[in-house]
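Right, one structure below, let's go through it.
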Amino acid sequence: MKFGILLVSMTCFFGAAVTYANSMGYDDKDFGCIDKTQAEKYVDDFGIDQKSFGGAELCNNQVDTKKLFNDLQILEGGQFDSNQSNLLIRGIIPSDKYYAWMKSETRGMERGNDVPYATAYNQMGYFTMQDGWANSSTLARVGVVIHEARHTDGYRHYPCTQGPYQGVNLDGCDQSYQQAGSHAVEMEYYARVSVAGKNFHPVYKSMARLMAMGRTNFVFNSQPMRQRELVLARDGQNDSPVLFDSTKKIQREGADFVGRLKRTSFGAALFNGLQAMALDIYETTGFKKSNQDDYSYFKLLKMESLGELKDFEEFDKGPKRYVAVVNGANQMATYNFPRGTWNRATPLSFDFARSTTMLPTGERGYFMVAQDGEVYSLNPETRMVSAVGKKWDSQVVSVAAINGVKLVLKADGSIYQHAADGSDSLFDNGTYTEMINIPVYDAFEVK
Ligand SMILES: [Zn+2]
């Protein structure tokens, strides 16, 4: 340590760019220059190979060295209320010991891209951060660092019995939350930030909540949280999302972004053909920030450009998760998770108009509606597309279900309850333009 340069910077080490009173930043651009002494402490504490991260860098947030410094500032500076309880907070890591624990589990950190399908890996306490880490948000990067640190203690992963990696020969899941492995330690951090964080930006807290749900729902073979289905509609008048619980109707925060409402594994997002912005349907932050979807597999859009897409859907069939897209050339492709690449796009035999994940019969999956109204179904396992033998009613905008009740959004903007005998009765008189089913988890309270 060189103490001679302590007074180089007069600013507090979180920089002057923080935009929210008494809280740390949530985006790299919120982090000003780091004090040189502070940076040197991090390099010493974590054995950082600065050269591999792009060289010593105190100010430029484009350089990976500085990104890592930002992450370590969040780790060191984060404060938690230890009295807050949550399903995902089990006291695996003491809430005031993140920095000390990280330090004790880290022998060295370097940047590489030798295992492109991984975000990072840990060899005997030496972490190698891949492109996937560098391209992520501050929150996701901090999560990766915490996750990797747990591996130093010998916690490994197991084959997945559900989710996108179900049935393939890759160890990506933990058996259970109680196992207290890398996934659990990572989720505990997110849950703490969200419900017990004292000095985190409200947007960072929201990101942590979405990340906790977006990952907890598929990285454990024994599901630690319970899922239920609610309905989210978009009010065409003020463009904001409205959540329907069994009896309640709750106004939610939109995003500063124009896109179509999509179901995601953590809840919902807005998709415009190129990007997806996450919606937080649990709490409002007061910021209405466009928060890129880093949480569900809509994040694939960030990794590789596919041009402007006509559709993107993340959906489950049985225990397995799939992603399907329809591109601008009217071709359909699914994502090959174990290979970490898209399967070859195949031309559709019809002109794609829209998709739906539920048919009026209640059947779920990935269905494509042609311009002439003909409905087609994708078998995601064989990647075969076949006609269902039904026409989509042009008066029906979308269908959803809540507590066993079937709902239909019609072209008049109102939602109707659809009875078994085919009759419709008014459920909510409105000016809705979209309606989807979304998953909600009991790990967080809908406030
Ligand atoms: Zn891992």
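The values are calculated or read from the model by the stated rules, or taken from the named source; none is laboratory data. This is a predicted model, so every value here is computed, not measured. So basically every Cβ, Gly included, is an ideal-geometry build from the backbone, and we count neighbours across all protein chains shown.
I'd like to know if the range 95-118 contains one or more residues that are under 19 Å from the mean Cα position of the chain (by Cα), among the β-branched types (Val, Ile, Thr) and surrounded by 16 or more Cβ atoms within 10 Å (Cβ to Cβ). Looking for residues that are under 19 Å from the mean Cα position of the chain (by Cα), among the β-branched types (Val, Ile, Thr) and surrounded by 16 or more Cβ atoms within 10 Å (Cβ to Cβ), one finds none in the range 95-118, hence no. When Leu426 is tested against the conditions (1) of a type outside the set (Val, Ile, Thr); (2) surrounded by 13 or more Cβ atoms within 10 Å (Cβ to Cβ); (3) part of a strand (DSSP E or B), the lone failure is (2).
Among the numbered conditions (1) more than 25 Å from Phe287 (Cβ to Cβ); (2) surrounded by fewer than 20 Cβ atoms within 10 Å (Cβ to Cβ), the only one that Cys173 does not meet is (2).
Looking at this structure, is Gly236 surrounded by 24 or more Cβ atoms within 10 Å (Cβ to Cβ) and either within 28 Å of Leu407 (Cα to Cα) or over 19 Å from the mean Cα position of the chain (by Cα) (or both)? Please lay out each step first, then the result.
Values: surrounded by 24 or more Cβ atoms within 10 Å (Cβ to Cβ): no; either within 28 Å of Leu407 (Cα to Cα) or over 19 Å from the mean Cα position of the chain (by Cα) (or both): yes.
No.
Conditions first: (1) within 14 Å of the ligand (Cβ to nearest atom); (2) of a type in the set (D, E, K, R); (3) under 17 Å from Phe266 (Cα atoms). Glu188 passes all but one, so which condition is the exception? If we test Glu188 against (1) within 14 Å of the ligand (Cβ to nearest atom); (2) of a type in the set (D, E, K, R); (3) under 17 Å from Phe266 (Cα atoms), just (1) comes out false. Set side by side, the residues Ala400, Ala419, Ala411 differ, and just one is at pLDDT below 95 and aliphatic (A, V, I, L, M), which is Ala419.
Please indicate, with yes or no, whether at least one residue in the range 102-115 is without any contact (Cβ under 8 Å) to a residue 12 or more places away in the chain, within 21 Å of Val43 (Cβ to Cβ), more than 14 Å from the ligand (Cβ to nearest atom) and assigned by TED's automatic domain parsing to the domain that holds Arg215.
Kept after step one, since they are without any contact (Cβ under 8 Å) to a residue 12 or more places away in the chain, are these residues of the range 102-115: 104.
This time we only want the ones that are within 21 Å of Val43 (Cβ to Cβ), so: 104.
When the remaining residues are screened for being more than 14 Å from the ligand (Cβ to nearest atom), the result is 104.
Within this subset, residues satisfying the condition of being assigned by TED's automatic domain parsing to the domain that holds Arg215 are 104.
So far as the range 102-115 goes, yes, one or more of its residues are without any contact (Cβ under 8 Å) to a residue 12 or more places away in the chain, within 21 Å of Val43 (Cβ to Cβ), more than 14 Å from the ligand (Cβ to nearest atom) and assigned by TED's automatic domain parsing to the domain that holds Arg215.
In the range 63-74 there is no residue matching the filter, namely being within 16 Å of the ligand (Cβ to nearest atom), without any contact (Cβ under 8 Å) to a residue 60 or more places away in the chain, polar (S, T, N, Q) and buried (at least 16 other Cβ atoms within 10 Å of the Cβ). Out of everything in the range 239-259 that is more than 13 Å from Tyr432 (Cβ to Cβ) and touching a residue at least 60 places away in the same chain (Cβ under 8 Å), what residue ends up being surrounded by the fewest Cβ atoms within 10 Å (Cβ to Cβ)? Result: Ser246. Look at Gly154 and say whether it is surrounded by fewer than 23 Cβ atoms within 10 Å (Cβ to Cβ), within 14 Å of the ligand (Cβ to nearest atom) and on the phi > 0 side of the Ramachandran plot. Answer is yes for this residue.
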